[in-house]
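As structure tokens, the structure follows; a few thoughts come after it.
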Amino acid sequence: MRGVLQKRNIRASNLWEGVVAARRWMLAYGLMIFLPVCIMLFIYYEQSSRILQEEVTQTMQQTLKQAGINLSSRLNYVQNSSNSLFMNRKLYEYLDPAAPIIERIAQSKELRNLLESVQAAPDIVRARVFTDSGNLYGFDLLNLFPLDSLTNRPWHKEIINAGGSIVWTGIYEENYLDSGPARILSCARLLRHPRNFDQSLGVLMLDVPEKMVADIISELDFPAQSRVYIVDRSGTILYSPEQSLIGTKVALASDSKEGILERSENGVGLFEVRAPIRAADWQLVLEVPKSGLTHRTTTLSQWSGIATVAGMTVMFLILVFMFMAFIINGMNRRIKSVVKTIRTEGVEGLEERGGDFRLLERVVDHLVHRVKDLMEEAYRSKMQEREAELRALQAQINPHFLYNTLDTINWLAISREADDISHLIESLSDYFRLSLNKGKDHVCVSDELELARVYLEIQQNRFPSTFEFVIEADAEASRCVIPKLTLQPIVENALLHGIRKNKGRTGRIRIHAEQRNDVLEITIQDNGIGMEEELASSLLSTSRPLLHAEGSGSSYGLYNVNERIKLLAGSDYGLKVFSRLGEGTVVVVRLKAMKEEQTK
């Protein structure tokens, strides 16, 4: 009875330890989740604000750039109209001072008609010519003006210095005789005498209303407290919705024509966005306070960021707690199962040595070491099995070849002189020396080709005048290494099952070795009887006995050679057999191109 109560107390104690441990784990996981979530929220807020701020500034830049393009397009139209007048020879004829007085009266009228026709174009409110009094009969002060009236204008010298190129004047106020005051900007250029470029005929001006520029700027939608204006190359403000800014100078942050820059003015951070007005070599500038832009982006990202991260956090916590509860219940079940198994196998008293988690830790540690030992044992067994299989495959050489050769030597000793016997014995000695190779598993290609040559010479002595052979190899291929006795079974099959069975003609065997990049290819080709394509394709898939001409069985032909290469080099390498009945057979051996030092 006391033992039962003691066991119950131990079980209760173990259960309580499990609950306490589970609570600690859940608390630790909660802290591990809460801190990263706070960091992630902060990073998300900063990154999202930065990204939104970049997107807003990029959008403003694109809007400003489009406004600059629109304004350039409208100014280009005015410039094209000025170019048309500038290239019109009638304009210079009307201004020719050499014409008689009667012609000048008519010319003045024609000139006014020409200028009035230009005024009908969009965005051109007035076309004017300023010239000397000697060039025209009189000035109507509507389209024709004396040149002296321009001398007090600030851009007069710039027009003269431009020498006929277009000069944009910027916004200024002009009092027209027929319509009163108007704010305009003008496309002006110097007119030179066509026959004497040093002589000036006057100035051509096409006036554009300020409203055209104002309409394009007013369509822009930018944050509050932002400021848009047009500046020339010197930084002088040519146009601004705030009239007080026109004519003042601003300090540009750099010489670039467009982009987004950050600067400060009177301690206030600003984003300066610029876009070019290429038609007049001006810049369209937008100044946006950072505070307003930051507040706008913060408003956009704050609630979405908080809602997203909060939702992710709650979902993550719920999933983690559910997963932890599932894991803890599973662990308790597995622990009880382990304890029950240990009891059934006769190991008692383990419960008194610690809680379920400690017991599971010891059991798992024991299992890990046991599995590791079993894996090492399985690996050693696999390697030993592979080595034994390789050596067994290498040892499968047809012994009948030795008997037949010795029989041939015996007949030669009876019927021929001793020199022939000596030569054959030397060839046989070379054959066994090369085939045994001091017990090495790999040999050089040159030695393997020499073994094939010795073998074929011996066979030529056995079957004189029945076949010939050629052996070729490049220098790189000769220095490569291959498994011992790779070529001999293939050459033997080519001779005995291809050449010897073709009684009608002299046989030919060609062996060629070459290295292609990291692949060694050796081709054995014969002109024997060949075989059907179905039979050739099945030679490498199944092991089958092949009967020699003498009736001896070769049970280890191409199949075994192919298996040896695949075991050593991998499934991408091995043999390929190409054959047709009556056309001979080609066997291609593919191996990794390795030198002797790489196999050590």
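Odds and ends about this structure:
- Residues being buried (at least 17 other Cβ atoms within 10 Å of the Cβ) and not aliphatic (A, V, I, L, M) - total across the stretch 211-226: 2
- Residue check for T131: of a type in the set (S, T, Y), surrounded by 14 or more Cβ atoms within 10 Å (Cβ to Cβ) and within 23 Å of D198 (Cα to Cα): yes
The rows are residues; the columns are (1) at pLDDT below 85; (2) within 26 Å of R112 (Cβ to Cβ).
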site: T169; (1), (2): no, yes
site: E174; (1), (2): no, yes
site: L185; (1), (2): no, yes
site: R192; (1), (2): no, yes
site: R195; (1), (2): yes, yes
site: P209; (1), (2): no, yes
site: F222; (1), (2): yes, no
site: S234; (1), (2): yes, no
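- In the stretch 518-533, the condition of being modelled with pLDDT under 85 and either more than 24 Å from V481 (Cβ to Cβ) or surrounded by 15 or more Cβ atoms within 10 Å (Cβ to Cβ) (or both) is met by at least one residue.
- Counted residues, the stretch 547-600 - those being assigned to a strand (DSSP E or B) and either crowded, with 17+ Cβ neighbours inside 10 Å or modelled with pLDDT of 85 or more (or both): 17
- Selection count where residues are closer than 30 Å to E173 by Cβ, of a type in the set (K, R) and exposed (fewer than 15 other Cβ atoms within 10 Å of the Cβ), scope the stretch 89-125: 1
- Residue tally, condition surrounded by 22 or more Cβ atoms within 10 Å (Cβ to Cβ) and free of Cβ contacts under 8 Å to residues at least 60 places away in the same chain, over the stretch 478-487: 0
- Options L41, L27: the member that is at pLDDT below 75, out of contact with any helix residue (DSSP H, G or I) (no Cβ under 7 Å at 6 or more places or on another chain) and of a type outside the set (D, E, K, R): L27
- Qualifying residue in the stretch 491-510 (condition: under 56 Å from the mean Cα position of the chain (by Cα), under 20 Å from K592 (Cβ atoms) and of a type in the set (G, A, S)): no
- Exactly one residue among A214, A253 is at pLDDT 85 or above, within 20 Å of K65 (Cβ to Cβ) and not charged (D, E, K, R), and that residue is A214.
- Number of positions in the stretch 93-135 that are under 30 Å from M212 (Cβ atoms), without any contact (Cβ under 8 Å) to a residue 60 or more places away in the chain and either among the hydrophobic types (A, V, I, L, M, F, W, C) or not assigned by TED's automatic domain parsing to the domain that holds L201 (or both): 5
- Scanning the stretch 168-189 for residues that are of a type in the set (D, E) and in a loop (DSSP other than H, G, I, E, B) yields a single hit, D178.
The values are calculated or read from the model by the stated rules, or taken from the named source; none is laboratory data. Keep in mind the model is a prediction, meaning the values are calculated, not measured. Cβ coordinates were reconstructed from backbone atoms using ideal geometry, including for glycine residues, and neighbour counts include every protein chain displayed.
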